[in-house]
Amino acid sequence: MTVVRNPMDVCASSIINNYNYRQDINETIKQEKQSYVKFYKELLKQEDLIIIDFNDLVDRPEETIKAIHKLLNLTFLMYDRDKSMTFNDNGHLHTSKTHPEYDKIKDMVYTVPHTKSLLKYNKVLNRKLEVW
């Protein structure tokens, strides 16, 4: 089982999450694109792999977990979140989207063609677990 996310969004978040380190943003974008093509190619080779769409997991976490439990024939139990985890004010774990440079970086990432990685990503998404 794995979670897949739009490679351009992953690239933007990766740059932000390493923002304090010196990096060539264009080189990072190039490396991220290459990595994701390889990653998605490997996923496509695994026929029994359960694919979870990152957007489903973020936008509808409870429904996604219920779909996983149903697929695996597990009992769904609600639980309190782990008190040892650090959450932001909005109740979520860390997100790169709150970084002041995120929009600028995302715009840079989105101006670079990601044709191969997006094709592989969409092919993988064709096999995603349907969340209802």
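All of the numbers you see were taken from the coordinates with simple rules; none came from a lab. Here the structure is a predicted model, which means the values were calculated and not measured. So basically every Cβ, Gly included, is an ideal-geometry build from the backbone, and we count neighbours across all protein chains shown.
So here's what we get for this one:
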item: Gain in span if fully extended, Glu62 to Lys123, counting 0.36 nm per residue against the direct Cα distance; result: 19.5 nm
item: Placed amide H near His114: partners under 5 Å, 5+ positions off or other chain; result: none
item: 5 angstrom amide H check on Val3, placed H, neighbours 5+ away; result: Ile52
item: In Hz, Karplus ³J(HN,Hα) per residue of segment 70-75 (6.51, -1.76, 1.60; θ = phi - 60°; x = Gly, Pro); result: 5, 4, 8, 6, 10, 8
item: Loop-resident sites, segment 20-62, for GluC sites (Glu not before Pro), counting at most 15 other Cβ within 10 Å (DSSP); result: Glu47
